[in-house]
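In what follows, a structure is listed as structure tokens, so that the remarks can point back to it.
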Ligand SMILES: [Fe+3]
Ligand SMILES: [Mg+2]
Ligand SMILES: [Zn+2]
Ligand SMILES: [Zn+2]
């Protein structure tokens, strides 16, 4: 009888793929075996030709939800004595590198077991199987098996051990297998806020703990829940008081919170959900998905206004662990679900740490005794033109690799400063770390270093090049300098916007020159200025600055991030000089204007920038929106929402002006500002101003593409979190026959920098 | 600048006193411990609220001597005068230097003057050097800083930098800020003579409090933690910094000292400092939290922990 040897590549480890193969082969009466091998799965099957055919065809069709087959190599083999099909132990130690699975949302079968009234895992918060549950968050080493996870402290009971050893069971080799008899348990801990209180109290049985936690949420309290990758803070999303309490305690003014709903149907009670959005919500990655809210009249549930003020969108997610399912079921209404951290610090993963750091925020802590190896935030997605687009890449996606077919030595990239990630390139693939948060906190910076080293240890790769941003004071750059010395590896510094464009080039596997529109808040330019409105012709390791936004001063530098009025002042100063004073009275007290104008006149504390992000801020302030922002990008977000509501309008004039030979062309915001001021005088609404502004940017993108003569344009940088901007530019350019590429599974903002740095550093040796 | 010192001057001039990384050197001469230091002053403008370049050139050097635990005694003065500097101005500066020297009980004993062509100098450069006597038994040095030490500052920070900037850049702040320019030798002497085991002293000048903390953290191999809420700052300085987008912890002082001493002696040390008019605003701002590789962390009013990095040059925005 014929015999085939197959090598299967893709996401096939840690997702129940071997039991799936076993069941297929057994059902078809085939003999042979399956085993994990580094980088994939190896199968030999023997049987009638027709059955072999059916077997191979079945593999390529969607095998089982989280698994994904990318490629199969098939060879004929000589016939052997074949008994019944078997699952063999992993092939180890041939030097190739193992793959690491991502954490997976609870599957339907496990959910049913948890929900059922009977069965040994009924209401058990840590139910999982070979196709769902924790992976990356509990993994301490490789290859991935129970001994190298934080489950090693929970010896299996006989019932679990039997399932684990049974190839026909859904839990065959499911490393996080557990049940109430042998697995992790929840516990409720109260934070002692009263100084006279001796400390911490625990209460009740596991089920009692869940009930008490749910009751506390319903009573308007803040409950911290230790979940998969760290703590969340939960409050009743329908209670304005509870949401206000959370905002007050977390000192977070207006930045939108995500909301966890008990079911897809519940989401539909508050938001419009397309079929693609429903798929994204229910998928094994289960990210937070940005949805459009229903009007109050159409909504079945009233989410408090303070949850996501000033935006028609809402970040929604479904319970992705049995623990969250049980809590949501008991609460019976949507809950705000935000990272358990102090503003901008990394998410807490450890109970004692959480009690200390979140003690002033949460009233109760629902904790469990399964340690979390590494913090992992929820991913944030929206469904756009080409499907899921990630704005924050973490749970469900990390650490799945991106193939990068470049011959280069191993590279470690340290990313940026805010919304940071690190990345490791080896064996023709890049693994980008989860979103790590902001590095201006000591914990954030330490986490960047820890994660970079974690990647090298996990994949057993010694980097031979280190990559980082050009900015000398980014935490990533400083860590990179130390690691370059420690690994005795050369350091490659990559310009910020070059990296933004390169990230998108890497994701789409593009070759040859592209025009990259890299628009963001700011990044360190080759000339030491703050770039951020760049049109770069990028070709591998090199780039040419084809055009940029006309530069303007930013009085107060970094302060401008939270004060759009400073951007407005800088723009007007550039245009009108002293004439800006009258306009500036709208935003500043007279006593402030004197020093501010002196600063501008002398350039003191007023670095020059070409940032489109700051142009957004300035226009928002000019349109009368806001002078101060409680988080970066707030003004831009509001401008986007207004523009969307106002509908399409003709753009303001925003000419692209040629410069002297060899110099970049300049996007002149002068006529645009003039027109905005005119509209303001004429009482034109902020929405119309916003729409005209967006259209002007699309116009200039078209002009930039035409001037470059290139047929491929990449949109990258934080400004392209703005869906309207990205969509309108895409539409314009596509109509001109230009191909447009936007970031999809790697964020457009600084979370993508490490990926771009890897590509540039890899190519730098070869170009 | 630290790089210049590290890579050019330290290797070239290599000596035991230099590698102690003090504000001034302590050397043995004829059986006595002498402190010896020098500094060059290039401040712009030459006159600012609360002081002038002359006063600064005296206090700066006297303070550096005092930070070794020495009693300052004698100074030298070197002038590089650009042709065209009004003689009256030079006179005024000289008198100011004399008054400053009298105020600290030190004497000018030698000096030098050069005149350079117009355009070859920046109006006036002053170099002063000073010597002082280190009392027997006093051992103050970065290497003595250890985990468990408290960190004290003698008053509010950031004034000098803002005062100078406000004149130089014609920034008419709502509330004017005066430089803190003052001699801290008496403060230091009082602290030491009160029997407190002072491990190290530093006067935060260029780079402000953050620079001093970083230097000590690095040179002593420790981890420093300070509390934002405990660091004295004047509202006027805060307001100016807010407008300018500066972090007051990085802004220069010229009349403050930072002391590192055993935690148990904190209260006595604060009492001793507050006894003196220049130490009224003294406060304990943090502690040496452990061994380390030179990290300095600020616990903010929000409760988060921010790294106080040594920044390269001006404060370049890192936002995106
Ligand atoms: Fe950026
Ligand atoms: Mg000095
Ligand atoms: Zn499952
Ligand atoms: Zn069990």
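The values are calculated or read from the model by the stated rules, or taken from the named source; none is laboratory data. This one's a predicted model, so the numbers in the text were calculated from it and none came from an experiment. Note that we place each Cβ from the backbone using ideal geometry, even for glycine, and neighbour counts take in every protein chain shown.
Evaluated against (1) loosely packed, with under 14 Cβ neighbours inside 10 Å; (2) over 19 Å from the mean Cα position of the chain (by Cα); (3) in contact (Cβ under 8 Å) with a residue 60 or more places away in the chain, residue B:110 falls short on exactly one condition, (3).
Results for (1) surrounded by 20 or more Cβ atoms within 10 Å (Cβ to Cβ); (2) away from chain B (no Cβ under 14 Å); (3) within 16 Å of ligand 1 (Cβ to nearest atom), shown as yes or no for each residue.
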residue: A:679; (1), (2), (3): no, yes, no
residue: A:682; (1), (2), (3): no, yes, no
residue: A:687; (1), (2), (3): no, yes, no
residue: A:693; (1), (2), (3): yes, yes, no
residue: A:706; (1), (2), (3): no, yes, no
residue: A:717; (1), (2), (3): yes, no, yes
residue: A:722; (1), (2), (3): yes, yes, yes
residue: A:725; (1), (2), (3): yes, yes, yes
residue: A:728; (1), (2), (3): yes, yes, no
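Residue-level analysis places residue A:178 among those that are buried (at least 21 other Cβ atoms within 10 Å of the Cβ), part of a loop (DSSP other than H, G, I, E, B), near ligand 4 (Cβ under 10 Å from one of its atoms) and outside the structural domain of residue A:26 (by TED's automatic domain parsing). Scanning the range B:240-289 for residues that are within 14 Å of chain A (Cβ to nearest Cβ) and touching a strand residue (DSSP E or B) at 6+ places or on another chain (Cβ under 9 Å) yields a total of 3. Taking the range A:730-757 as the range and being part of a helix (DSSP H, G or I), away from ligand 1 (no atom under 16 Å from the Cβ) and under 23 Å from the mean Cα position of the chain (by Cα) as the test, only A:730 passes.
Given A:639, A:625, which one is part of a helix (DSSP H, G or I) and more than 14 Å from every other protein chain (Cβ to nearest Cβ)?
On inspection, the qualifying residue turns out to be A:639.
Can you spot a residue in the range A:481-503 that is modelled with pLDDT under 95, within 23 Å of residue A:717 (Cα to Cα) and buried (at least 20 other Cβ atoms within 10 Å of the Cβ)? So far as the range A:481-503 goes, no, none of its residues is modelled with pLDDT under 95, within 23 Å of residue A:717 (Cα to Cα) and buried (at least 20 other Cβ atoms within 10 Å of the Cβ).
Remark: residue A:485 matches the filter, which requires a residue to be on the phi < 0 side of the Ramachandran plot and within 14 Å of another protein chain (Cβ to nearest Cβ).
For the range A:601-619, a residue qualifies if it is farther than 20 Å from residue A:521 by Cα and part of a helix (DSSP H, G or I), and the qualifying residues are A:601, A:602. Remark: residue A:137 falls outside the filter, which requires a residue to be farther than 15 Å from residue A:110 by Cα, touching a strand residue (DSSP E or B) at 6+ places or on another chain (Cβ under 8 Å) and crowded, with 19+ Cβ neighbours inside 10 Å. Name, by its number, the condition in (1) away from ligand 4 (no atom under 14 Å from the Cβ); (2) over 13 Å from residue A:174 (Cβ atoms); (3) surrounded by fewer than 21 Cβ atoms within 10 Å (Cβ to Cβ); (4) modelled with pLDDT under 95 that does not hold for residue A:145. Looking at each condition in turn, residue A:145 falls short on (2).
Pairing residues of the range A:259-276 that are part of a loop (DSSP other than H, G, I, E, B) with residues that are surrounded by fewer than 13 Cβ atoms within 10 Å (Cβ to Cβ), at Cβ distances under 7 Å and at least 6 apart in sequence or on separate chains, gives A:269/A:300. Scanning the range A:314-343 for residues that are at pLDDT below 95 and surrounded by fewer than 18 Cβ atoms within 10 Å (Cβ to Cβ) yields one hit, A:343.
Residues in the range A:656-677 that are at pLDDT below 95 and buried (at least 17 other Cβ atoms within 10 Å of the Cβ): there are none.
Scan the range B:239-251 for residues that are touching a residue at least 60 places away in the same chain (Cβ under 8 Å) and part of a helix (DSSP H, G or I) and jot them down. Passing the criteria: B:239, B:240, B:241, B:243, B:244, B:248, B:249, B:250.
The residues in the range A:611-622 that are within 14 Å of chain B (Cβ to nearest Cβ) and within 17 Å of residue A:695 (Cβ to Cβ) can be counted, and the count is 2. For the range B:170-194, filtering for residues that are crowded, with 18+ Cβ neighbours inside 10 Å and within 21 Å of residue A:588 (Cα to Cα) leaves 3. Regarding the range A:323-341, can at least one residue be identified that is within 14 Å of chain B (Cβ to nearest Cβ) and on the phi > 0 side of the Ramachandran plot? No: zero hits. In summary, residue B:158 fulfils each of the numbered conditions (1) surrounded by 21 or more Cβ atoms within 10 Å (Cβ to Cβ); (2) within 15 Å of ligand 2 (Cβ to nearest atom); (3) not assigned by TED's automatic domain parsing to the domain that holds residue B:35 with the single exception of condition (2). Please go through the range A:277-297 and give me each residue that is in a loop (DSSP other than H, G, I, E, B) and touching a strand residue (DSSP E or B) at 6+ places or on another chain (Cβ under 9 Å), ordered by number. Scanning the range A:277-297 gives A:283, A:284, A:285, A:286, A:287, A:294.
Looking at the range A:557-565, can you tell me whether even one residue there is within 14 Å of another protein chain (Cβ to nearest Cβ), at pLDDT below 95 and in contact with a strand residue (DSSP E or B) (Cβ under 8 Å, 6 or more places away or on another chain)? Yes, the range A:557-565 has at least one match.
Residue A:577 - would you say it is more than 14 Å from chain B (Cβ to nearest Cβ) and in a loop (DSSP other than H, G, I, E, B)? Criteria not met by residue A:577. Go over the candidates B:305, B:299 one by one and state the one that is over 18 Å from the mean Cα position of the chain (by Cα), within 8 Å of chain A (Cβ to nearest Cβ) and under 21 Å from residue A:418 (Cβ atoms). Result: B:305 is the single residue among B:305, B:299 that is over 18 Å from the mean Cα position of the chain (by Cα), within 8 Å of chain A (Cβ to nearest Cβ) and under 21 Å from residue A:418 (Cβ atoms).
Selection of the range A:705-719 for residues being in a helix (DSSP H, G or I) and over 23 Å from residue A:744 (Cα atoms) yields A:706, A:707, A:708. For the range B:17-30, a residue qualifies if it is farther than 15 Å from residue B:72 by Cα and at pLDDT 70 or above, and the qualifying residues are B:28, B:29, B:30.
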